[in-house]
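As structure tokens, the structure follows; a few thoughts come after it.
What follows draws every value from the coordinates through simple rules; no lab data is involved. Just so we're clear, the structure is a prediction, and the values are computed from it rather than from any experiment. Positions of Cβ are generated from backbone atoms using ideal geometry, with glycine treated the same way; all protein chains shown enter the neighbour counts.
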Amino acid sequence: MLNRKMSQKNLELEIEEKKELYAYQQGDIDAIFERINNAPRNHHLLYQLPTGGGKTVVFSEIVRRYLSYNDKKVLVLTHRIELCKQTSKMLKGFNVKNKIINSKIKELPDQDEYSCFVAMVETLKNRLNDEKLKIGNIGLVIIDEAHYNSFRKLLSSFKNSFILGVTATPLSSNIKLPMNENYDELIIGDPINKLIENGYLAKAVTYSYDVGLTSLKVGINGDYTVKSSDDLYTNMVMQEKLLHAYTEKSLGKKTLIFNNGIHTSLYVYETFKEAGYSIKHLDNTTSNEERKDILSWFKHTPDAILTSVGILTTGFDEPTVETIILNRATKSLTLYFQMIGRGSRKLPHKDNFTVIDLGNNAARFGLWSDPIDWQHIFKSPEFYLESLRNDTEIELHFKYMMSPEIRAKFANTAVVEFDVEDEHRIAISQNLRSKVVLDKSLDQHASMCVDNAETINEAKNLSKLLSEDIECRMRYYTNCLSKSSKNYREWLVEDYKTKLSLLIGKKYREKIMNED
């Protein structure tokens, strides 16, 4: 444990004291300066580099080099005060004297003393609108997390400046405001798989657990609403699935859990606390002092679990995180990459990290390290978004896998699998009604319960463990039919369970008679 703490401390000192650039970062910087030196002075350039690739390091070196060759100033824009502070600190590490323009700054009488300013977009917009604060001679404007698009409000104030947007995902957070409307071109850094291959990022090992998302509602921002997410993820089945996934894949590891709503996160906190695990909860209502204490605890506790809502997706860097749990679904590619990226930092003892997906996110976007054609997304974002698989399509391909714990309850049964689609093809080829598939499935399930129980009550209790398997089979069955509605499928599940209970009673009586 002491060695792990020492390696973490040494890493922090290395980051703080040594501002050395990797070869891929240096190559990107050279490409960016080629545009700065040769493109029109009001050129808008977008630069993409994965989370963990060192975007802040890259643009800090760009600021340093730009100021050494140009008699103009630089403005760095962020969307959160925490990012302002981190950016200012990094710039100082590159010997760039800078000033943060925050809500307390009303005027800039000392602006001649600084060649670089760091500001939040909203704060600067308000100051410029007040006409009390004016920044002159800005040659370069750098926008961090450029996909948020909030910087558009300031474009008119810097018409003659070179604009450099920086992001891990060049896909606008607002589909109605595509990034290609505000940027002339895109420069792409090394992809995630190459950064992993070259030893710069840790490799993600992903475990996906199928989750039915058809109850979720989509809000005006294009993502799932908090209320519908809370309704789904606070139910007992999902809480048990989360706890099972953690104990199966992440027990004893430092774990960060992302949720869509505060209620869900609090439920997670109570569930894990009741199970005896070391866990804390964090959201945007947590005071700064308490947040500082919680993050310090998380940093120094090896098996810590931190359940959170939203606020740790950007501006948070804890390299010792070993597992990321996506206890939510999202339609935002950016958020998907941001959440997983929180675990991607490499350490001497950390080559891999675990991702547990409880929102079908990997099925929607692909694995975190899969190649992505960012140029295509930048040029035609609407085509990319339309090509994403919807929840219904994803759920059609769910394959139920019986957990080892449940499988052990049916030890006397040699085969517990049942291929609905194959059985349906056989029935159709023999000119039989589709209903025979359900009859075969019911017979197998009933036999499984009776063969592994001593009493009829035990058999009926075993049938309750088959709920997920039943729902999966009914989903495949209704998909085989030419027409079927969601209501019909839900009715079918309940009807199946009723018939299963009756069939278990019948088979159990036959078993008793045969024994007599």
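Here are the numbers:
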item	result
Rounded if a/c under 1.5, otherwise prolate or oblate - the stretch 122-228, Cα gyration tensor axes	oblate
Mean-position separation - Cα centroids, the stretch 436-510 and the stretch 273-309, in angstrom	42 Å
The stretch 404-515: C-alpha gyration tensor shape, a/c 1.5 cut-off, then a/b vs b/c	prolate
Antiparallel %, DSSP beta bridges [both residues in the chain], to 5	5 percent
Neighbourhood net charge (14 Å Cβ-Cβ; Lys/Arg +1, Asp/Glu -1) for Leu195	0
Extended-chain gain in nm, criterion 0.36 nm per residue less alpha-carbon gap, Asp184 and Met513	110.3 nm
Approximate spin-label separation His300-Ala275, in nm, with each point projected 7 Å along Cα-to-Cβ	2.7 nm
Cut-off 20 Å (backbone N to label point 7 Å along Cα→Cβ of Lys292), residues of the stretch 60-90	80-90
Furthest towards positive pole of dipole, Phe418, Val226, Ser278, structure part the chain, Cβ charges	Val226
All aspartates and glutamates inside 15 Å of Lys99 as judged from Cα atoms, apart from same-chain residues fewer than 8 positions distant	Glu82, Glu107, Asp110, Asp112, Glu113
Backbone N under 19 Å from the Leu481 label point (7 Å along Cα→Cβ), restricted to the stretch 382-420	392-393, 395-398, 419-420
Among (i) 26.0; (ii) 28.8; (iii) 35.0, the entry derived from the coordinates for mean projected area of the Cα convex hull in nm²	(ii)
For the stretch 17-190, size of Cβ-based charge dipole, Lys and Arg +1, Asp and Glu -1, in debye	540 debye
Size of electric dipole in the chain: Cβ of Lys, Arg +1 and of Asp, Glu -1, about Cα centre, debye, nearest 20	1120 debye
FRET efficiency, 1/(1 + (r/R0)^6) with R0 60 Å, evaluated for Thr392 and Asn160 via beta carbons	0.75
Efficiency of FRET between Val415 and Lys435 - r from beta-carbon atoms, R0 25 angstrom, step 0.05	0.70
Pairs beyond 27 Å (Cα-Cα), from Lys227/Lys499; Lys125/Lys292; Lys125/Lys194; Lys227/Lys331; Lys55/Lys280; Lys92/Lys299	Lys227/Lys499; Lys125/Lys292; Lys125/Lys194; Lys55/Lys280
Summed side-chain charge close to Glu318 - residues other than Glu318 whose Cβ falls under 9 Å, Lys, Arg +1, Asp, Glu -1	+3
Relative packing of 480-488, 44-52, 203-211, which averages over residues the other C-beta atoms within 10 Å, highest first	44-52, 203-211, 480-488
Net charge contributed by nearby residues that have their C-beta within less than 14 Å of Leu140 (K/R +1, D/E -1)	+4
Virtual spin-label span in nm between Thr285 and Lys399, 7 Å along Cα→Cβ	4.3 nm
Over the chain: helical MRE at 222 nm, DSSP H runs n ≥ 4 each giving -39500 (n - 2.57), nearest 500	-14500 deg cm²/dmol
Helix 262-274 axis, angle to the chain major axis (alpha carbon atoms, nearest 10°)	60 degrees
Label point distance in nm, Lys217-Asn126, each placed 7 Å from Cα along Cα→Cβ	3.2 nm
